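Colleague: Just dropping this structure here.
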Amino acid sequence: MNTILVTGGAGFIGSNFIHLALRLNNVSIINLDKLTYAGNLDSLSDIESNPQYTFIEGDICDQALVGKILSDYRPASIVHFAAESHVDRSIDSPAAFIETNINGTFSLLEAARIYWRNLDDYRKAQFRFLHVSTDEVYGTLGETGYFTEETPYAPNSPYSASKAASDHLVRAYYHTYGLPVLMTNCSNNYGPFQFPEKLIPLMILNALEGKTLPIYGTGQNIRDWLYVEDHCQAILTVLEKGCVGEKYNIGGHNEMTNICIVHTLCDFLDTNRPRSDGKSYREQISFVKDRPGHDLRYAIDASKIERELGWVPAETFETGIVKTVNWYLNNSEWCQRVTDGSYRLERLGMGE
């Protein structure tokens, strides 16, 4: 049975990945997570007694801890999710993004390099370090075109700059030391267990609580939306079949404006959880001052991963959004617990 070390496994994408990996594969999972505000063990409560799952609270910046975990559990691969990931927070407080996304990735790479170097030839050949990144490293698109794996990096926020730096470190460790790395750059994820500072869960919870639905600028910013389980399946595919040293863009083929997303959510809730006064949730929409440096459009060309590895998304936006909204409607206790701390659905990212 192979062991996978997952960093940031108590977060949104990481927890979904762990669930999928344990369901589909005969693997053992070691989850290393610092449990910041966005890390929530409630998301993994159903597997906490699974003998194939181990949780370790710790920081990827702690190279000694990571080295001990690698020595003790001898994983066949590392899947690196751990990151500060919210653009608005990076505008208000960039230091944490530099520390975790750049310094943390460096520490993890160093520990992995030392571990990999001392493996026997067979295990060395099998080992993989998969770095999960974002399409935001490419900057912004105009009305046409798509991000490919060859698109030059042009990050426009402290978050995307920190992820771009971590991508470059991972690439350098392959070319300099031969560490067998894989990289993925994904479009906007949505689905169960997403911390409600992000657009879709924030709009759902604000709507249900009768709060304003704040839309940045004119709401015409465009994103390519990817259902989280599709993303996790793509990562498993890259881990199994990907070519060492290569990167793969992962997208959902679902370009939508932010205002269209919010209208879709309002209309779904109007039908499935109507307001007591009979009015539409659209009446709660309010346009607010735009985010500084807000990228206009992201769109992924995911033809490489389809052509070379055979992955395509299973969900359309229409099917994925129904699953997502229903999950939040049916898991109000989870939502309440994750917003009991420092974040209370307020506006972030004003740069003030």
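Colleague: For the condition under 22 Å from HIS253 (Cβ atoms), acidic (Asp, Glu), touching a residue at least 40 places away in the same chain (Cβ under 8 Å) and touching a helix residue (DSSP H, G or I) at 6+ places or on another chain (Cβ under 8 Å), what is the one hit in GLU143, GLU136? Even if it seems obvious, please write down each step before you answer.
Modeller: Details: GLU143 fails: touching a helix residue (DSSP H, G or I) at 6+ places or on another chain (Cβ under 8 Å).
The match here is GLU136.
Colleague: Write out, first by first residue and then by second, each pair whose Cβ atoms fall under 9 Å of each other, whose residues are 6+ apart or on separate chains, and whose first residue, in segment 174-186, is without any contact (Cβ under 8 Å) to a residue 12 or more places away in the chain and on the phi > 0 side of the Ramachandran plot while the second is part of a helix (DSSP H, G or I) and of a type outside the set (D, E, K, R).
Modeller: Listed pairs, sorted by first residue: GLY178/TRP116.
Colleague: If you don't mind, another one. With (1) within 26 Å of ASP290 (Cβ to Cβ); (2) of a type in the set (Ser, Thr, Tyr); (3) touching a Pro at 6+ places or on another chain (Cβ under 8 Å) as the list, and TYR227 as the residue in question, which single condition is left unmet?
Modeller: TYR227 satisfies all of (1) within 26 Å of ASP290 (Cβ to Cβ); (2) of a type in the set (Ser, Thr, Tyr); (3) touching a Pro at 6+ places or on another chain (Cβ under 8 Å) except (1).
Colleague: Something else about it: ASN156: touching a Ser or Thr at 6+ places or on another chain (Cβ under 7 Å), more than 30 Å from THR319 (Cα to Cα), touching a residue at least 12 places away in the same chain (Cβ under 8 Å) and in a loop (DSSP other than H, G, I, E, B), yes or no?
Modeller: Criteria met by ASN156.
Colleague: Restricting attention to segment 9-39, which residues are within 15 Å of the chain's Cα centre (by Cα) and either more than 20 Å from PHE97 (Cβ to Cβ) or among the charged types (D, E, K, R) (or both)?
Modeller: SER15, ASN16, PHE17, ILE18, HIS19, LEU20, ASP33, listed by residue number.
Colleague: Can I ask one more? Given the conditions (1) crowded, with 23+ Cβ neighbours inside 10 Å; (2) touching a strand residue (DSSP E or B) at 6+ places or on another chain (Cβ under 6 Å), report the number of the one that SER160 does not fulfil.
Modeller: (2)
Colleague: Kindly evaluate VAL66 against the criterion of being under 20 Å from ALA111 (Cβ atoms) and either touching a Cys at 6+ places or on another chain (Cβ under 9 Å) or assigned to a helix (DSSP H, G or I) (or both).
Modeller: yes
Colleague: If we scan segment 43-60, do we find a residue that is within 17 Å of ILE102 (Cβ to Cβ) and surrounded by 17 or more Cβ atoms within 10 Å (Cβ to Cβ)?
Modeller: Yes, because at least one residue in segment 43-60 is within 17 Å of ILE102 (Cβ to Cβ) and surrounded by 17 or more Cβ atoms within 10 Å (Cβ to Cβ).
Colleague: I want to confirm something. Restricting to segment 181-221 and keeping residues that are among the polar types (S, T, N, Q) and outside any strand (DSSP E or B), which single residue is nearest to LEU296 (Cα to Cα)?
Modeller: Step by step, filter segment 181-221, then rank; the result is ASN221.
Colleague: Name every residue in segment 69-84 that is in a loop (DSSP other than H, G, I, E, B), farther than 16 Å from THR36 by Cβ and charged (D, E, K, R), in order of residue number. Break it down into steps so the answer makes sense when it comes.
Modeller: Narrowing segment 69-84 to residues in a loop (DSSP other than H, G, I, E, B): 74-76, 81-84.
Narrowing further to those that are farther than 16 Å from THR36 by Cβ: 74-76.
ARG74, the sole residue that qualifies.
Colleague: Still on this structure, please answer the following. Here is a check on your reading of the model: is GLU240 within 26 Å of the chain's Cα centre (by Cα) and free of Cβ contacts under 8 Å to residues at least 40 places away in the same chain? Quick ask: steps written out before the conclusion?
Modeller: Working: within 26 Å of the chain's Cα centre (by Cα): yes; free of Cβ contacts under 8 Å to residues at least 40 places away in the same chain: yes.
Yes.
Colleague: Testing SER28 on (1) in contact (Cβ under 8 Å) with a residue 60 or more places away in the chain; (2) crowded, with 19+ Cβ neighbours inside 10 Å; (3) not basic (Lys, Arg), one condition comes back false. Which one is that?
Modeller: The single condition SER28 does not satisfy is (1).
Colleague: Kindly indicate whether ALA76 is touching a strand residue (DSSP E or B) at 6+ places or on another chain (Cβ under 6 Å) and modelled with pLDDT of 95 or more.
Modeller: Values: touching a strand residue (DSSP E or B) at 6+ places or on another chain (Cβ under 6 Å): yes; modelled with pLDDT of 95 or more: yes.
Taking the combined requirement at face value, the residue satisfies it.
Colleague: Out of the residues in segment 294-334 that are touching a Gly at 6+ places or on another chain (Cβ under 8 Å) and part of a loop (DSSP other than H, G, I, E, B), state the one that is farthest from SER133 (Cα to Cα).
Modeller: GLU315
Colleague: Would a scan of segment 51-68 turn up a residue that is of a type in the set (Lys, Arg) and out of contact with any Asp or Glu (no Cβ under 9 Å at 6 or more places or on another chain)?
Modeller: Within segment 51-68, the first condition is being of a type in the set (Lys, Arg), and the residues that meet it are 68.
If we keep only those that are out of contact with any Asp or Glu (no Cβ under 9 Å at 6 or more places or on another chain) as well, we get 68.
Taking every residue of segment 51-68 in turn, at least one turns out to be of a type in the set (Lys, Arg) and out of contact with any Asp or Glu (no Cβ under 9 Å at 6 or more places or on another chain).
Residue-by-condition table, conditions (1) modelled with pLDDT under 95; (2) within 30 Å of ASN254 (Cβ to Cβ); (3) acidic (Asp, Glu); (4) in contact with a Lys or Arg (Cβ under 8 Å, 6 or more places away or on another chain):
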| position | (1), (2), (3), (4) |
| --- | --- |
| ALA82 | no, yes, no, yes |
| SER90 | yes, yes, no, no |
| SER93 | yes, no, no, no |
| TYR115 | no, no, no, no |
| LEU119 | no, no, no, no |
| PRO152 | no, yes, no, no |
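Colleague: Can you tell me how many residues in segment 10-43 are in a helix (DSSP H, G or I), over 22 Å from ALA76 (Cα atoms) and either of a type in the set (Val, Ile, Thr) or in contact with a strand residue (DSSP E or B) (Cβ under 8 Å, 6 or more places away or on another chain) (or both)?
Modeller: 2
The values are calculated or read from the model by the stated rules, or taken from the named source; none is laboratory data. This one's a predicted model, so the numbers in the text were calculated from it and none came from an experiment. Glycine gets a Cβ as well: all are built from the backbone with ideal geometry, and neighbour counts include every protein chain shown.
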